[in-house]
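Scroll down for the structure; my scribbles are underneath it.
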Amino acid sequence: MHWLQPWFLLLLPLVLIPFWLQSRHAQAYSWLEMVPSDTFSDRMHTAVKAATSLLLLLLVLALAGPQGDSHQEQKIGKGAQSVFVIDRSVSMDHPFAGQATGGHAAEIKSAAARRLITAFIDSRPDDMMGVVGFTNSALYGMKITTNREGIHAAIQAATGPALNQTNIGAGITNAVTLFENIASTGSRAIVLLSDGAGKLSPRVKYQIRKQLVGKKLNLYWIVLREPDDISIFSQQTYDDDHLPEAIALDRFFQSLQVKYKAFEADNATALESALREIDAKEKNVIQYDIMIPGHDYAKDLMVGALLLGLALLLIKHMKVY
C-alpha cells in the first residue's frame with residue numbers, strides 16, 4: 001500500500017484533541033459530594049472522546065489517500081491496434097455531397113464522423129486505438145491505448161473545425177510513428193478519413209514508404225466526397241501530368257507494400273457501411289497487459305467516518321433519567 005498525499009499524515013497529532021480538551025458540564029455545583037456517582041455517564045463520556053478521536057483519525061488517513069498496490073493483468077480478446085487519422089479542415093463542417101436537405105439542416109460530415117466513429121469504438125471493447133488529426137500539419141490526439149475516455153475525448157477534438165488545408169502526408173507519417181513504441185498484437189490498421197486528398201511531395205512519399213517497411217499495417221481510406229468531386233473509382237483516363245489529386249493519392253496507396261482498401265461516402269449511411277466493413281476485417285486475437293489500479297481505501301475511510309459521525313450525533317442527543 002502507498003499514500004497519494006502522505007504530508008497529511010503530519011496532522012495525526014490532532015486525533016488527541018478530544019483527550020486534551022476538558023468537557024464543560026451544563027450545571028455547576030457548589031459541593032460535589034451532593035452529586036451522586038454516575039459510572040455509566042463517565043464511561044459514555046470516555047467512549048465519546050475515543051470515538052471522536054477515531055473519527056479524526058479516519059479523516060486524516062482518508063486525506064492522505066491510501067491506495068493499494070496496482071498490478072498488471074493480461075487481457076486476451078478479439079480486435080486490432082488501429083489509428084484514426086481524421087481530416088480537420090473547415091470543409092469537414094459542410095454537409096455530405098449526396099445528402100439532400102429537403103429544406104432541413106443536413107448532418108455535417110464532421111458530426112457524422114464523430115457519431116459513427118464513437119459507435120465504432122464502443123462496439124470494439126478489446127481494441128487498442130490511437131487518434132491523429134491533421135490540417136496544415138499533424139495534430140497529435142491520443143497514443144494507441146485502451147483508455148476509452150481518452151479515445152473519445154481525442155475523437156471529439158479531432159472532429160472539430162480547424163484550417164482550410166489538407167496535409168494528409170503529415171497525418172499518415174504521424175500515425176505510423178504511434179505503432180513504433182508498442183508490441184505488435186492482433187491486426188494493425190490505419191483508418192484515414194478525409195474529404196480531400198492534397199498533393200504529396202516526393203520527399204513525403206519516400207518517408208511514408210520508408211516508415212511502412214516491416215510494420216505490417218493495413219490501410220483504409222474513407223473519402224467523404226465533396227460536391228462535384230471526381231470519384232477515385234472513375235474509369236476515365238488521365239495523363240500523368242493532369243491526374244486528379246484524389247486518384248493520384250489512391251494510386252500511391254495502392255503502390256505501397258500494405259493491404260489497402262478505399263471507400264467513398266457521400267452520405268452518413270455510406271460512411272457507416274465503410275466502418276462496418278472495416279470492423280468485420282479487423283478482428284484477430286489480440287492480447288496485451290492492462291494496469292489494474294489498487295483499491296482506494298480513502299473511500300472506505302470516509303464511509304467509516306460518516307457512520308461514526310452519525311453515531312456521535314445520536315449519542316449527543318441521548319439522555320438518561
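Quick note: the coordinates plus some simple rules give every number you see, no bench work behind them. Everything numeric in this text was worked out from a predicted model, so none of it was measured. So basically every Cβ, Gly included, is an ideal-geometry build from the backbone, and we count neighbours across all protein chains shown.
Percentage of Cα-Cα pair distances in the chain greater than 38 Å, rounded to whole percent?
Tail fraction, whole percent: 43.
Normalised by the residues of segment 146-285, what does the relative contact order come to in percent, with Cα pairs under 8 Å and at least six apart?
27
Any idea what the dipole of the chain comes to, in debye rounded to 20, about its Cα centre with Lys/Arg Cβ at +1 and Asp/Glu Cβ at -1?
Working: 30 positive and 31 negative charges, 149 e Å.
Dipole size: approximately 720 debye.
May I have the count of lysine pairs in segment 232-314 with C-alpha atoms under 28 Å apart, counting pairs 8 or more residues apart or located on different chains?
The number of close lysine pairs in segment 232-314 is 4.
Loop only by DSSP, 16 or fewer other Cβ within 10 Å of the Cβ. Give me the chymotrypsin sites (Phe, Trp or Tyr not before Pro) in segment 202-251 that pass, ordered by residue number. Don't skip to the answer; put the middle values down first.
Values: sites: Tyr206, Tyr220, Trp221, Phe233, Tyr238; in loops: Phe233, Tyr238.
Answer by residue number: Phe233, Tyr238.
By counting other Cβ atoms within 10 Å of each Cβ, how are His295, His317, His152 ranked from fewest to most? Each step should come with its number before you reach the end.
On the way: His295 14, His317 6, His152 17.
Final ranking by Cβ density, sparse to dense: His317, His295, His152.
Quick check: residue separation of Gln72 and Val213 times 0.36 nm, minus the Cα distance between them. What number comes out in nm?
Contour length minus the Cα-Cα distance gives 47.6 nm.
Just to confirm the number: angle between the C-alpha axis of helix 148-158 and the first principal axis of the chain, 0 to 90 degrees, nearest 10?
Helix 148-158 sits roughly 50 degrees off the main axis of the chain.
May I ask what percent, to the nearest 5, of DSSP beta bridges between residues of the chain are antiparallel?
Percentage antiparallel, nearest 5: 40.
Mind pulling the angle between the C-alpha long axis of helix 202-212 and the longest principal axis of the chain? Nearest 10 degrees, somewhere in 0 to 90.
60
Taking neighbour Cβ counts within 10 Å as the exposure measure, how do Val83, Val213, Val90, Val191 sort from fewest upward? Each step should come with its number before you reach the end.
Details: Val83 28, Val213 10, Val90 13, Val191 24.
Neighbour counts put them in this order, fewest first: Val213, Val90, Val191, Val83.
Among the aspartates and glutamates, select those whose C-alpha is under 19 Å from the C-alpha of Lys75, and discard any that sit fewer than 8 residues away in the same chain.
Asp122, Asp126, Asp127, Glu149, Glu282, Asp289
Run down the lysines and flag those whose C-alpha is under 23 Å from the C-alpha of Lys316, throwing out any fewer than 8 positions away in its chain.
Partners within reach: Lys49.
Label-point separation (nm) for His2 and Asp240, each offset 7 Å from Cα along Cα-to-Cβ?
With each label point 7 Å from Cα toward Cβ, the separation is 6.0 nm.
When a footprinting reagent is the concern and you count Cβ atoms within 10 Å, what order do Lys143, Lys199 take, fewest first? All intermediate terms of the calculation are to be shown ahead of the outcome.
On the way: Lys143 19, Lys199 12.
Placing the least packed residue first, the sequence is Lys199, Lys143.
Could you tell me how many degrees, from 0 to 90 and to the nearest 10, lie between the Cα long axis of helix 268-281 and the main elongation axis, the longest principal axis, of the Cα atoms of the chain?
Between helix and principal axis, roughly 80 degrees.
Suppose R0 equals 45 Å. What FRET efficiency, 1/(1 + (r/R0)^6) with r the Cβ-Cβ distance, do Ala51 and Met291 give to the nearest 0.05?
Details: r = 38 Å, r/R0 = 0.85.
Efficiency computed from Cβ-Cβ geometry: 0.70.
Place +1 on the Cβ of every Lys and Arg and -1 on the Cβ of every Asp and Glu in segment 72-291, take the dipole about the Cα centre, and give the residue among Leu275, Ala175, Ile108 whose Cα lies farthest towards its positive end.
Ala175
Would you count, across segment 140-246, every pair of lysines whose alpha carbons are under 19 angstrom apart, provided the pair is eight or more residues apart or spans two chains?
5
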